[in-house]
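The values are calculated or read from the model by the stated rules, or taken from the named source; none is laboratory data. Just so it is clear, the structure is predicted and the values come from calculations on it, not from any experiment. Quick reminder, even Gly has a Cβ in these numbers, built from the backbone with ideal geometry, and neighbours come from all protein chains shown.
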Amino acid sequence: MAKRALLVGINHYPDPENALRGCLNDVRQVGDLLHLHFGFGGNGAVRLLTETRATTAAIVSGLHWLVDDAASGDVLVFHYSGHGSQVPDRHGDEVDGLDEIICPYDLDWDNPLTDDDLQAVVQGLPASVNLTVILDSCHSGTGLRELPARGGTERSRWLQPPERLHWRLREDQAMRRFGARAAECGAILIAGCRSDQSSADADIDGEYHGALTFYLCHAIEELGFAASYRAVIARTRRLLQSNGYEQVPQLEGPAALLHGEILAPRFEAVGA
């Protein structure tokens, strides 16, 4: 049984106007949680890609390292902290006409890292492997909805597409999240917000964090490390709400697995 994690965090993008401040702290917080409480450690079990190292090629390579040799009972984690966005769908497989993307350091709007790319990487993953995808980025259906300013200390983790890629969103279009394709393949997705919201990059107790990552880790520590995914997300939602955040974390994946213990190995496929 192996435990591996790929943790990606980007504060500084080539355009200074797109800078975030909490993503590196997110990576450190998740790494500490996995090492200290879930037994991830040694032999390169946790790989970090941060700042200029978090290129498209490096993230794709890291994802293949994460999943390609996975076997029954393995526990895998992909955590991404940075900007998210959307681009017009190129393959005609999205009901809303859009592909969801994460934004590597070297984001190429003409060749982005899409939800289709993520699905292709995890498509053949054995059903008895626990892959948890945590996305602390924006998946906003309305484009630029921001949370209350709270003194101007928060930023949305949404990156606006260039003018040439602008699309018109109909109110009846149901939005997806980047990791939803992974959830379709049996992975578990924890997303920072609803599809019509933004994830906050916020000053929390004098230090910047992604609001999802900060309160998710605290929820796990409060509830104990045998808590279910559903219990952890419910607690995370309450913590965010009680601290003044509007974003509502989402949990997706096979229904039977969501009641299971978070980051626990499984050795048999569990029905949805």
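Some points to look at:
- Filter result for Ser137 (modelled with pLDDT of 90 or more and among the hydroxyl-bearing types (Ser, Thr, Tyr)): no
- With respect to the conditions (1) free of Cβ contacts under 8 Å to residues at least 40 places away in the same chain; (2) buried (at least 21 other Cβ atoms within 10 Å of the Cβ), Gly206 lacks only one, and its number is (2).
- Residue in segment 70-92 that is within 23 Å of Leu257 (Cβ to Cβ) and loosely packed, with under 14 Cβ neighbours inside 10 Å present: yes
- Lone unmet requirement of (1) β-branched (Val, Ile, Thr); (2) assigned to a loop (DSSP other than H, G, I, E, B); (3) modelled with pLDDT of 95 or more for Ile233: (2)
- Looking across Asn43, Asn11, one residue alone is part of a loop (DSSP other than H, G, I, E, B), over 17 Å from the mean Cα position of the chain (by Cα) and either surrounded by fewer than 20 Cβ atoms within 10 Å (Cβ to Cβ) or not aromatic (Phe, Trp, Tyr) (or both). It is Asn43.
- Tabulated pairs, segment 104-122, first in a loop (DSSP other than H, G, I, E, B), second of a type in the set (A, V, I, L, M) and at pLDDT below 90, C-beta under 7 angstrom, 6+ apart or interchain: Trp109/Val87; Trp109/Leu165; Pro112/Val87; Pro112/Ile101
- Conditions (1) out of contact with any Asp or Glu (no Cβ under 9 Å at 6 or more places or on another chain); (2) over 24 Å from Ser137 (Cβ atoms); number of the one not met by Ala234: (2)
- The set of residues from segment 163-189 being of a type in the set (A, V, I, L, M) and either at pLDDT 95 or above or surrounded by fewer than 20 Cβ atoms within 10 Å (Cβ to Cβ) (or both) comprises Leu165, Leu169, Ala174, Met175.
- For segment 14-40, a tally of residues being touching a residue at least 60 places away in the same chain (Cβ under 8 Å) and in a loop (DSSP other than H, G, I, E, B) returns 5.
- Residues located in segment 54-63, provided they are of a type outside the set (Ser, Thr, Tyr), surrounded by 13 or more Cβ atoms within 10 Å (Cβ to Cβ) and free of Cβ contacts under 8 Å to residues at least 60 places away in the same chain: Ala54, Ala58, Ile59, Gly62, Leu63
- Within the option set Gly31, Gly73, Gly62, being out of contact with any helix residue (DSSP H, G or I) (no Cβ under 8 Å at 6 or more places or on another chain), at positive phi and small (Gly, Ala, Ser) holds for one residue only, Gly73.
- Residues (surrounded by 18 or more Cβ atoms within 10 Å (Cβ to Cβ), of a type outside the set (S, T, N, Q) and part of a loop (DSSP other than H, G, I, E, B)) located in segment 236-253: Tyr245, Pro249, Gly253
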